[in-house]
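Every number here is computed from the coordinates shown, using simple stated rules; none is lab data. Just so you know, these numbers come straight off a predicted model, no measurement behind them. Positions of Cβ are backbone-derived with ideal geometry, glycine not excepted, and every protein chain shown enters the neighbour counts.
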Amino acid sequence: QVQLRESGGGTVQAGGSLRLSCYSSLSMLRLNYMSWYRQDPGKQRELVARIANDGSTNYTDSVKGRVTISRDRVRNTIALQMDTLKAEDTAVYYCKVQGRGRGYWGQGTQVTVSS
């Protein structure tokens with residue numbers, strides 16, 4: 001049974017920064033990919049950033065240069081550092097981990113960016 005716990009969401013002014021964290025009960029040694037997704041009301045959930053077990057990363061075009069995904073193998077956490085936030089970054093952010101053939105989702109944490 002895999003448990004994911006997101007934290008760090010909140011409200012920030014446009015141009016500000018926020019750092020999200022996701023704890024995974026499953027060791028990252030067992031994970032192929034660790035990702036952050038987001039979904040705002042009425043829209044499809046979209047990938048924000050993804051990091052592979054080897055440390056390689058991918059980002060959606062809308063956040064490139066403004067966000068950084070990282071992972072701590074000791075504490076089993078996945079972080080999303082978000083800088084220069086924009087109003088369009090407002091969404092519920094979800095942690096997702098992909099194991100060997102199975103994926104798991106966290107409960108989500110709200111990020112609100114205001115001008």
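Each label point is 7 Å from the Cα along the Cα-to-Cβ direction; what then is the distance between the points at Gln107 and Ala87, in nm?
It is 3.1 nm.
Name all residues of the range 1-40 having a backbone nitrogen under 20 Å from the label point set 7 Å from the Cα of Arg100 along its Cα→Cβ direction, giving them as ranges.
Once the point is set 7 Å along Cα→Cβ of Arg100, 1-3, 24-35 turn out to lie under 20 Å by backbone N, inside the range 1-40.
So if I place +1 on the C-beta of Lys and Arg and -1 on the C-beta of Asp and Glu, and nothing else carries charge, what would the dipole magnitude of the chain be about its Cα centre? I want it in debye, nearest 20.
400
When the Karplus curve 6.51 cos²θ - 1.76 cosθ + 1.60 is applied with θ = phi - 60°, which whole-Hz ³J(HN,Hα) does each residue of the range 26-41 get, with x for Gly and Pro?
8, 4, 5, 5, 9, 9, 8, 9, 10, 9, 10, 10, 9, 8, 9, x
Kindly give Rg over Rh for the range 48-100, based on alpha-carbon atoms, with the Kirkwood expression for the hydrodynamic radius.
0.97
Go through the range 59-71 residue by residue and turn each phi into a ³J(HN,Hα) via Karplus (6.51, -1.76, 1.60, θ = phi - 60°); whole Hz please, and just put x for glycine and proline.
Listing the rounded values in order: 9, 5, 4, 5, 10, 4, x, 10, 10, 9, 9, 8, 9 Hz.
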